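K.L.:
Below are the structure tokens for one structure; questions will follow.
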Amino acid sequence: MAGGPFTTLFRIYASRNNVHSARVLLSNQNFRSMRQFNNWVLETHQFSTSFDVPCRQFSTSLVDIIHSHSPLKNPQFTIFNPADARPFSSSVDDEDGNRVKLNENKSLDSVENGGLEGVDENSVGAGDANESCVCDSMVIEEKQSDDVEGGNNIVGKKNLAFRDPVELYRELLTAEKNDNLKRSDWDTLQEIFSCFSKSGWAANQALGIYIGKSFFHTAVNRFRNFFFKKCSAELAMHLVSLGASDKAVRFLFPIFVEYCIEEFPDEIKRFRNMISSADLTKPHTWFPFARAMKRKIIYHCGPTNSGKTYNALQKFMEAKKGIYCSPLRLLAMEVFDKVNALGVYCSLYTGQEKKHVPFSNHIACTVEMVSTEELYDVAVIDEIQMMADSCRGYAWTRALLGLKADEIHLCGDPSVLDIVKKICSETGDELYEQHYERFKPLVVEAKTLLGDLKNVRSGDCIVAFSRREIFEVKMAIEKHTNHRCCVIYGALPPETRRQQANLFNDQDNEYDVLVASDAVGMGLNLNIRRVVFNSLSKYNGDKIVPVPPSQVKQIAGRAGRRGSRYPDGLTTTLQLEDLDYLIDCLKQPFENVNKVGLFPFFEQVELFAGQLPDISFAHLLEKFGENCRLDGSYFLCRHDHIKKVANMLEKVQGLSLEDRFNFCFAPVNFRDPKAMYHLHRFAAQYSIKVPVSIAMGMPKGSARNDAELQDLETKHQVLSVYLWLSQHFKKEIFPYKKKAEEMAIDIADLLGQSLIKACWKPESRQGGNPRPQQKEDGHERHKGDGYRRPNSLVKIYEK
Ligand SMILES: Nc1ncnc2c1ncn2[C@@H]1O[C@H](COP(=O)(O)OP(=O)(O)OP(=O)(O)O)[C@@H](O)[C@H]1O
Ligand SMILES: [Mg+2]
């Protein structure tokens, strides 16, 4: 017979008692959070800590079955006969009429060690049934007999411990109040209930029956009131004998469960619906059409500058119909230009613009814009490791899961290879790997710039991680050397970035040094000889932290691109003391990512909102985040930015849930109050259904100082938001799209002109003092030249 002695015992018991299934109640699942419970539900595919195992399934080991229902290594459980809710006793007679004894010592030991751990059902022989310890009820029985032998004979304890909680609860329902208890016994009962109410274990277990944490205390209070009115002397004394202990809590818990199921069906239903409406599990099933296809996935896997995108684009161009998904507008534009120049008609779709090229069957788009409706022969998803990005990762995940393409080329580093394999095994797609090496190795220059920007050379890209630092470096270089600098940073429109990149790439001018933020990190082909890190720390929105190694690698990899003027790449730091960190980062292998981002579609948020009709949108998103269920391979993308916009728009009346959802995704810089003001204005006009105006004047000319430069950046931001909204809402409501496009082009141009002559001291965006973190960062200030020579922030951080 398959299975070990425990299974055999149950089989005997089942056949003797005409039992058709075993009801298993898991008792030590210890959910510490809703998320943990969600994960548990996902892994076990059940919503409750109890389940039935039909006897016909006993051809495999019962212990294995139970293991498959619990992700814990050492599940403890009680087995009941579902027909009469009696616990299964291990001391049964076997088929020959012999009483099968349990090995008591082993049982107790194992129980104290937490149950099943280390029990290999098939390794123990029949009769040596140490697996019996798996049953809580057996444990109690054995301890009970010890107590009896020790003279501590408590009447009814054995019976009560074994009694079915459903039965106990039924008795309570019909019982009369018991007035014979002593004051001290009532006090003990009070303590037991207080212990119950504070028990994290009980609160976590209660999630299993959809009693949420916020309702748990109310439920316990109501249960206590009920219990005090009804409990028998026998029950009370049994609890008193256990005292305010875990044992008492565990004894009460199943009775509490029965009470809750009976008393709070609405509450349970509401919470259950809420949980199931925030279900983000099995995201591959969200795209049935893509699932119906047999897709071939090719993972172009390798470091920067190894030809991944180049090779994928060859397939894209050869295809009859193709789509290229880019991490950046700029890169989408680059591919759009390149592909059209090679004679393959290609359109461009980004959040802000749609350039339709007549007769084109190819599209270059930003990954957020990819359609999962259209059919393609070949799709390319570039920088696939961005699936793990905490904010935008969901867009890559959606593209991978949902694209309807016969062939999908993924380009990226190896960090998400394993998880992509896992996803492909779930989707049923075939995965092929193509591995790449860098065309030329990246060489670290050990000398560094010795803290002096006078040592910059033609073809250098100085990397700094804040706008302020970028301008300080640019000023210092232009003041103390004969080099001229181009700049690239996140707040610049892609057109201006491209203009600056072209200026730098073009040999026939004096702009031979690039000062850039991490915005150069992805995919751009620049003629960089050497990447020099001005510092290796950055402000992460909260504090100053070392730049993560993966990002350092990505940025350093910009040096020495194949086909560029400098095919051999060099990298170094400004400060000697940062060099070790740089070398460490470059040496580190790519970290294996085990979770990728997800974000709900509007329809999912809408479903969830149905459960919580009266709360604000920002609050709704927060609740969704708290209650959503996710598979082990996914995380919910950060949505602080969305919540900030949602909060700002809260007071705007007349927006539907869908309007709010869409407005919140507008690409606004929420740190820029002027941009936020305009977004608010757009939403307010939209809500009263008047055509949304741009209401923003054109600047007179290029910027003469940093404040004017920032004003240009903001103005472009506002126009970019307008254009984005005009693409995501009805055209009639945003009728000034054309005008916004023209203004945006002009402003990008003015920005380019401004940067060429920029030689002023940067200001903080709020016009106030620098952030406190910046004051404390250990920068020295040089009188007169306004340049702060950064000390090693990595060192300061490490200290
Ligand atoms: N087979 C090739 N023939 C000619 N040029 C090539 C070839 N492969 C790659 N290149 C050129 O080498 C440069 C780097 O290639 P590519 O952009 O594909 O690298 P990558 O691995 O995608 O890098 P990253 O990770 O930085 O995006 C590009 O300018 C590309 O045009
Ligand atoms: Mg690439």
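K.L.:
So, in segment 564-584, exactly how many residues are more than 18 Å from residue 439 (Cα to Cα) and touching a Lys or Arg at 6+ places or on another chain (Cβ under 6 Å)?
P.N.:
Number satisfying all stated conditions: 1.
K.L.:
Ok, one more. Select, from 182, 198, the only residue that is farther than 22 Å from residue 270 by Cα, under 33 Å from the mean Cα position of the chain (by Cα) and not aromatic (Phe, Trp, Tyr).
P.N.:
Working: 182 fails: under 33 Å from the mean Cα position of the chain (by Cα).
Criteria check complete, one pass: 198.
K.L.:
Related question: Please state which of the following conditions residue 529 fails to meet, knowing it meets all the rest: (1) away from ligand 1 (no atom under 16 Å from the Cβ); (2) open to solvent by 40 Å² or more (accessible area, probe 1.4 Å); (3) within 25 Å of residue 332 (Cα to Cα).
P.N.:
Checking residue 529 against (1) away from ligand 1 (no atom under 16 Å from the Cβ); (2) open to solvent by 40 Å² or more (accessible area, probe 1.4 Å); (3) within 25 Å of residue 332 (Cα to Cα), the one that fails is (1).
K.L.:
When you go through 288, 254 one by one, which is the residue that is under 28 Å from the mean Cα position of the chain (by Cα) and either over 27 Å from residue 195 (Cα atoms) or away from ligand 1 (no atom under 16 Å from the Cβ) (or both)?
P.N.:
288
K.L.:
Those residues that are out of contact with any Lys or Arg (no Cβ under 8 Å at 6 or more places or on another chain), more than 16 Å from ligand 2 (Cβ to nearest atom) and open to solvent by less than 10 Å² (accessible area, probe 1.4 Å), I need them from segment 532-560; list them, please.
P.N.:
Correct list: 532, 533, 534, 535, 536, 537, 552.
K.L.:
Is it the case, given these coordinates, that residue 344 is more than 13 Å from ligand 1 (Cβ to nearest atom) and modelled with pLDDT of 95 or more? First the steps, then the outcome.
P.N.:
Values: more than 13 Å from ligand 1 (Cβ to nearest atom): yes; modelled with pLDDT of 95 or more: yes.
Yes; evaluated as a whole, the condition is true for this residue.
K.L.:
I need the full set of residues from segment 293-309 which are more than 16 Å from ligand 1 (Cβ to nearest atom) and either under 27 Å from the mean Cα position of the chain (by Cα) or farther than 21 Å from residue 375 by Cβ (or both), in order please. Steps first, answer last, please.
P.N.:
Within segment 293-309, the first condition is being more than 16 Å from ligand 1 (Cβ to nearest atom), and the residues that meet it are 293-297.
If the condition is that a residue be more than 16 Å from ligand 1 (Cβ to nearest atom) and either under 27 Å from the mean Cα position of the chain (by Cα) or farther than 21 Å from residue 375 by Cβ (or both), then 295, 296, 297 are the ones that fit.
K.L.:
Just give me the residues in segment 579-614 being open to solvent by 30 Å² or more (accessible area, probe 1.4 Å), aliphatic (A, V, I, L, M) and at pLDDT 90 or above, in sequence order.
P.N.:
583, 586, 593
K.L.:
Now a separate question. Would you call residue 337 within 14 Å of ligand 1 (Cβ to nearest atom), surrounded by fewer than 17 Cβ atoms within 10 Å (Cβ to Cβ) and outside any strand (DSSP E or B)? Outline the logic, then answer.
P.N.:
Details: within 14 Å of ligand 1 (Cβ to nearest atom): yes; surrounded by fewer than 17 Cβ atoms within 10 Å (Cβ to Cβ): yes; outside any strand (DSSP E or B): yes.
Yes; evaluated as a whole, the condition is true for this residue.
K.L.:
Working carefully through the options 347, 360, 326, 371, find the one that is open to solvent by less than 10 Å² (accessible area, probe 1.4 Å) and more than 16 Å from ligand 2 (Cβ to nearest atom).
P.N.:
On the way: 360 fails: open to solvent by less than 10 Å² (accessible area, probe 1.4 Å); 326 fails: more than 16 Å from ligand 2 (Cβ to nearest atom); 371 fails: open to solvent by less than 10 Å² (accessible area, probe 1.4 Å).
From the options 347, 360, 326, 371, the qualifying one is 347.
K.L.:
Give me a count of the residues in segment 397-438 that are more than 16 Å from ligand 2 (Cβ to nearest atom), part of a strand (DSSP E or B), open to solvent by 10 Å² or more (accessible area, probe 1.4 Å) and not acidic (Asp, Glu). Spell out how you get there, then give the answer.
P.N.:
Taking segment 397-438 and keeping what is more than 16 Å from ligand 2 (Cβ to nearest atom), we get 397-398, 400-407, 418-433.
Going one step further and asking which of them are part of a strand (DSSP E or B), we end up with 404-407, 430-433.
Those still in the list that are open to solvent by 10 Å² or more (accessible area, probe 1.4 Å) too: 404, 406-407, 430-433.
Now drop any that are not not acidic (Asp, Glu), which leaves 404, 431-432.
Residues meeting the conditions: 3.
K.L.:
Ok, one more. Kindly check whether there is at least one residue in segment 683-694 that is at positive phi and either modelled with pLDDT of 90 or more or among the charged types (D, E, K, R) (or both). It would help to see each step written out before you state the result.
P.N.:
Of the residues in segment 683-694, the ones at positive phi are 689.
From what's left, either modelled with pLDDT of 90 or more or among the charged types (D, E, K, R) (or both): 689.
Checked segment 683-694: at least one residue is at positive phi and either modelled with pLDDT of 90 or more or among the charged types (D, E, K, R) (or both).
K.L.:
Further question: Do we find that residue 367 is within 30 Å of the chain's Cα centre (by Cα) and under 15 Å from residue 309 (Cβ atoms) in this structure? Lay out the reasoning, then the answer.
P.N.:
Details: within 30 Å of the chain's Cα centre (by Cα): yes; under 15 Å from residue 309 (Cβ atoms): yes.
The answer is yes for residue 367.
K.L.:
Do we have residue 447 as assigned to a helix (DSSP H, G or I), closer than 30 Å to residue 587 by Cβ and away from ligand 2 (no atom under 16 Å from the Cβ) here? First the steps, then the outcome.
P.N.:
On the way: assigned to a helix (DSSP H, G or I): no; closer than 30 Å to residue 587 by Cβ: yes; away from ligand 2 (no atom under 16 Å from the Cβ): yes.
The answer is no for residue 447.
K.L.:
Next question. Quick one: which helices (runs of 4 or more DSSP H) lie wholly within segment 224-288 and hold at least 1 residues that are closer than 23 Å to residue 627 by Cα?
P.N.:
On the way: elements: 233-242, 246-263, 265-277.
Per the criteria, 246-263, 265-277.
Conditions tested, residue by residue: (1) under 23 Å from residue 269 (Cα atoms); (2) at pLDDT 90 or above; (3) of a type in the set (S, T, N, Q); (4) open to solvent by 10 Å² or more (accessible area, probe 1.4 Å).
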{"site": "150", "(1), (2), (3), (4)": "no, no, no, yes"}
{"site": "176", "(1), (2), (3), (4)": "no, no, no, yes"}
{"site": "211", "(1), (2), (3), (4)": "yes, no, no, no"}
{"site": "219", "(1), (2), (3), (4)": "yes, yes, no, no"}
{"site": "224", "(1), (2), (3), (4)": "yes, yes, no, yes"}
{"site": "236", "(1), (2), (3), (4)": "no, no, no, no"}
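K.L.:
When you look at residue 312, is it within 16 Å of ligand 1 (Cβ to nearest atom), in a helix (DSSP H, G or I) and open to solvent by less than 50 Å² (accessible area, probe 1.4 Å), yes or no? Don't jump to the end; show me each part of the working.
P.N.:
Working: within 16 Å of ligand 1 (Cβ to nearest atom): yes; in a helix (DSSP H, G or I): yes; open to solvent by less than 50 Å² (accessible area, probe 1.4 Å): yes.
Criteria met by residue 312.
K.L.:
Which of (1) in contact with a Cys (Cβ under 8 Å, 6 or more places away or on another chain); (2) open to solvent by 10 Å² or more (accessible area, probe 1.4 Å) is the odd one out, the single condition residue 278 does not satisfy?
P.N.:
(2)
The values are calculated or read from the model by the stated rules, or taken from the named source; none is laboratory data. Since we're looking at a predicted model, the values are computed, not measured. All Cβ positions, glycine included, derive from the backbone under ideal geometry; neighbour counts span all protein chains shown. Ligands, DNA and RNA are stripped out before the accessible areas are found, and what is left, the full protein with its side chains, is counted by its heavy atoms. Shrake-Rupley method; radii C 1.70, N 1.55, O 1.52, S 1.80 Å.
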